[in-house]
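Data block below; observations after.
The values are calculated or read from the model by the stated rules, or taken from the named source; none is laboratory data. Being a predicted model, the structure only gives us computed values, none of them experimental. Note that we place each Cβ from the backbone using ideal geometry, even for glycine, and neighbour counts take in every protein chain shown.
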Amino acid sequence: MTFTIAIAGKGGVGKTTFAALSVRYLSESLKDVVLAVDADPNSNLGAKLETEPGRTLGDIREELLRKGDEIPKDMSKQEYLDYQIRLAVKEGKGFDLLTMGRQEGPGCYCYVNNMLRTFLDALSTRYATVVIDNEAGMEHLSRRTTRSPDVLFVVCDRSKASQDAAKRIAALADEMGIKARRKAIVFSMLDPDSKGPPAESVDGFDVAYGIRSSGAIMSMSSKTESVMEIPRTDPAFSDIVKAVESERKASLKR
């Protein structure tokens, strides 16, 4: 069984840091390769994981549309797409990184997008764990890039605007038939002495988690985007581990 987590939320709340540290924790603790999917058009997950992204699926999709019938005659379009995507997967330390890239422009992309989804569904089953970092808004849900995760983590800060955005994402997930088994709201950048999330429950979510601020991440951010050297004792890292591990264990009981 593949354990899949997806992360969404308003921009600037630490969503990609949550995703990167989740990938690092799962790969280190399970001693297995994690599939990390960067579904944010800004494509920052690779930098957080200290790995240069490969070709994006957006690039591959555009190329396939340009080529039309000019693909190698001994390959079907599906076979050609599968081959190109395999080349786009970048190997990292304990994870494989797949970068989605920009959303489509004008024109009909339905056929290629359906092929992409079919391949991604098949690719995901080859990994014990998949982590998907989604774009800051909600378009990924309407395009159904994120399909049936075990848990959808929606990251927010303590501002009303951020929390309202988190609730809208949770509601839209239901409207679009995104069948996350559980939805968790994550309050980020809490005070270092915080004992947990500022609210025990929030409408639209099954559980709430709190992530404390990290002095190490702040001090290192001026030198590097990578979080691969953040100590395991860091409060933010510890809180992310607690949230991810709690949901992983819950999935094993289902």
Within the stretch 38-70, how many residues are more than 14 Å from Ile85 (Cβ to Cβ) and either in a loop (DSSP other than H, G, I, E, B) or more than 23 Å from the chain's Cα centre (by Cα) (or both)?
-> 15
Kindly list, by first and then second residue, each pair from a residue in the stretch 76-99 that is farther than 17 Å from Gly46 by Cα to a residue that is modelled with pLDDT of 90 or more, limited to pairs with Cβ atoms under 6 Å and residues at least 6 apart or on different chains.
-> none
Starting from residues that are touching a residue at least 40 places away in the same chain (Cβ under 8 Å) and not in a helix (DSSP H, G or I), keep the ones in the stretch 228-248 and report whichever is farthest from Arg212 (Cα to Cα).
-> Met228
Report whether or not Arg66 is of a type outside the set (S, T, N, Q) and buried (at least 16 other Cβ atoms within 10 Å of the Cβ).
-> no
Test each condition in (1) free of Cβ contacts under 8 Å to residues at least 60 places away in the same chain; (2) in contact with a Phe, Trp or Tyr (Cβ under 9 Å, 6 or more places away or on another chain); (3) not β-branched (Val, Ile, Thr) for Arg182 and report the one that comes out false.
-> (1)
Going through the stretch 18-37 one residue at a time, which ones are farther than 22 Å from Ser213 by Cα and either assigned to a loop (DSSP other than H, G, I, E, B) or of a type in the set (D, E, K, R) (or both)?
-> Glu28, Lys31, Asp32, Val33
Out of Arg248, Arg212, Arg232, Arg254, which single residue is farther than 21 Å from Ala166 by Cα and surrounded by 18 or more Cβ atoms within 10 Å (Cβ to Cβ)?
-> Arg248
Picking from Ser162, Ser214, Ser201, Ser221, the residue that is farther than 24 Å from Asn44 by Cα and among the polar types (S, T, N, Q) would be Ser201
Output the number of the condition that Ala8 fails; it satisfies all remaining conditions of (1) part of a loop (DSSP other than H, G, I, E, B); (2) in contact with a helix residue (DSSP H, G or I) (Cβ under 6 Å, 6 or more places away or on another chain).
-> (1)
So Ala161 clears everything in (1) of a type in the set (Gly, Ala, Ser); (2) under 25 Å from Arg24 (Cα atoms); (3) outside any loop (DSSP other than H, G, I, E, B); (4) touching a residue at least 60 places away in the same chain (Cβ under 8 Å) except one condition, right? Which one?
-> (2)
Can you pull out the residues in the stretch 180-225 that are assigned to a loop (DSSP other than H, G, I, E, B) and touching a Leu at 6+ places or on another chain (Cβ under 7 Å)?
-> Ala180, Ser213
Could you tell me which residue of the stretch 157-202 is surrounded by the most Cβ atoms within 10 Å (Cβ to Cβ), considering only residues that are under 20 Å from Glu247 (Cβ atoms) and of a type in the set (Asp, Glu)?
-> Asp174
